[in-house]
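Beneath this line is the structure, given in structure tokens, with notes to follow.
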Amino acid sequence: MASVTFEKAQRWYPGNDTPTVPGIDLEIGDGEFMVLVGPSGCGKSTTLRMLAGLEEVNDGKIFIGDRDITNLPPKDRDIAMVFQNYALYPHMTVADNMAFALKMAKVPAEERQKRVEEAAKILGLTEFLARKPKALSGGQRQRVAMGRAIVRNPQVFCMDEPLSNLDAKMRVQTRTDIAKLQSDLGVTTVYVTHDQVEAMTMGDRVAVMKLGILQQVDTPLNLYDKPVNLFVAGFIGSPQMNLIEAKAVDGKATIGGYVVPVDATAAAKMQGNITVGVRPEAWRLVTAEEGGLPITVTVVEELGADGFVYGTCDVEGTPSNVIVRVSARDAVRKGDVIHVTTDPTSVHVFDTESGDRLSD
Ligand code: ADP
């Protein structure tokens, strides 16, 4: 086992005007499950592939433990990679697929068999060892791909969207399986996904990336509760955080006639154009007399225990979309005008131009 350290690691693809990853600094602890998440094309795979040795590092360094692996060939890095297309050999049995890399590394047959049987047991694949991949479900094939990584007993697992070929139900199940397996094995893992729910449910920590640059590296809860900028605020959470443009004058933020409750830190810093962020579940219904932000309801999504109300509020003549989580008993209907408010601790204030967080 070992930590992984990126030190200003850069990937600049030949022929491109700018580097895809200008220089990433990231420390992943020994045994940690780190998820790299961000929109498609932001450089997640490139970062992972630099670690795996599948992409050249044009500047900076990468360490596994205290070994500088920046220029080592992939086979000497002690890494096992799991891809989204499992790339199993169709003509080989499950056992042979799992043993293949060991065979290439000239591990003796007896040792190979032992490791494959152990991995198969962990993954619940024992009864399938003699089968060919085509006789397996998608989820089982994914487990064989995991098995191939496990038998190598590497210092680091690199996983690139390993669940994206599975159907929705299988994805949820396999997500839990991989997280548990990783925690049982305690192997340092770097996992790439564009799916923020996957990132939040699997990672010990999550690194949010945009245009090749890390925005925030934090625990799932901190990302949710204290996003450092507008991008992270909008990217993490489903349904999305409400982000509404507002005006700040003398420490007071207003959306139309509604005075937004903000904490003292935000009150001291904000001036001019700000964006107010409130999670759908952080709104509270109030009566018209109590004030609050008036919202005209356009859609009500009933989910049983609770529901989501979609509506618009008026920001200086321009309608802005708002989502409010309500209880099923609140009986909100399409066409209603509801009033909502919240508390200073639930309001995220951002500078609209820089995107920086201004609240605590
Ligand atoms: P992600 O994994 O976040 O979807 P990638 O790391 O795969 O993103 O790619 C990020 C960007 O890097 C792409 O949008 C593309 O512009 C560029 N890129 C990736 N691979 C190559 C390549 N082989 N040659 C040139 N540019 C590439």
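The values are calculated or read from the model by the stated rules, or taken from the named source; none is laboratory data. Remember, it's a predicted structure, so these values are computed and weren't measured experimentally. FYI the Cβ positions are ideal-geometry reconstructions off the backbone, even for glycines, and counts take in every protein chain you see. Accessible surface is based on the protein model in full, side chains and every heavy atom, while ligands, DNA and RNA are left aside. Shrake-Rupley method; radii C 1.70, N 1.55, O 1.52, S 1.80 Å.
Structure above, values below:
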read-out: Test: residue in region 218-226 that is within 16 Å of the ligand (Cβ to nearest atom), within 14 Å of the chain's Cα centre (by Cα), within 28 Å of residue 352 (Cβ to Cβ) and not in a helix (DSSP H, G or I); value: no
read-out: Residue that is nearest to residue 4 (Cα to Cα) [pool: residues in region 167-196 that are touching a residue at least 24 places away in the same chain (Cβ under 8 Å), out of contact with any Cys (no Cβ under 9 Å at 6 or more places or on another chain) and hydrophobic (A, V, I, L, M, F, W, C)]; value: 187
read-out: Filter result (more than 34 Å from the chain's Cα centre (by Cα) and open to solvent by less than 60 Å² (accessible area, probe 1.4 Å)) within region 104-119; value: 107, 112
read-out: Residue tally, condition assigned to a strand (DSSP E or B) and crowded, with 16+ Cβ neighbours inside 10 Å, over region 237-253; value: 7
read-out: Of residues in region 77-91 being assigned to a loop (DSSP other than H, G, I, E, B), hydrophobic (A, V, I, L, M, F, W, C) and on the phi < 0 side of the Ramachandran plot, the one modelled with the lowest pLDDT; value: 83
read-out: All positions within region 8-35 that are within 8 Å of the ligand (Cβ to nearest atom) and open to solvent by less than 10 Å² (accessible area, probe 1.4 Å); value: 21
read-out: Enumerated strands (runs of 3 or more DSSP E) restricted to region 265-326, each holding at least 2 residues that are over 13 Å from residue 245 (Cβ atoms) and among the acidic types (Asp, Glu); value: 293-302
read-out: Residues that are in contact with a Gly (Cβ under 7 Å, 6 or more places away or on another chain) and not charged (D, E, K, R), drawn from region 38-68; value: 42, 43, 60
read-out: Region 312-326 residues that are of a type in the set (Lys, Arg), paired with ones that are modelled with pLDDT of 95 or more (beta carbon under 6 Å, 6 or more apart); value: 325/280; 325/281; 325/308
read-out: Residue match in region 89-96 (condition: surrounded by 14 or more Cβ atoms within 10 Å (Cβ to Cβ) and closer than 30 Å to residue 18 by Cα); value: no
read-out: Members of region 120-165 found to be open to solvent by 80 Å² or more (accessible area, probe 1.4 Å) and more than 20 Å from residue 102 (Cβ to Cβ), listed by number; value: 127, 134, 165
read-out: Evaluation of residue 69 against (1) within 22 Å of residue 161 (Cα to Cα); (2) buried (at least 22 other Cβ atoms within 10 Å of the Cβ); (3) more than 25 Å from the chain's Cα centre (by Cα) (one fails), failing number; value: (1)
read-out: Any hit, region 88-107, residues being under 28 Å from residue 210 (Cα atoms), away from the ligand (no atom under 16 Å from the Cβ) and either outside the structural domain of residue 164 (by TED's automatic domain parsing) or not hydrophobic (A, V, I, L, M, F, W, C) (or both); value: no
read-out: Complete set of residues in region 45-57 that are open to solvent by 50 Å² or more (accessible area, probe 1.4 Å), under 12 Å from residue 158 (Cα atoms) and either within 7 Å of the ligand (Cβ to nearest atom) or among the charged types (D, E, K, R) (or both); value: 49
read-out: Test for residue 208: is it within 10 Å of the chain's Cα centre (by Cα) and over 14 Å from residue 36 (Cβ atoms); value: no
read-out: Residue in region 37-44 that is open to solvent by less than 80 Å² (accessible area, probe 1.4 Å), within 14 Å of the ligand (Cβ to nearest atom) and without any contact (Cβ under 8 Å) to a residue 24 or more places away in the chain present; value: yes
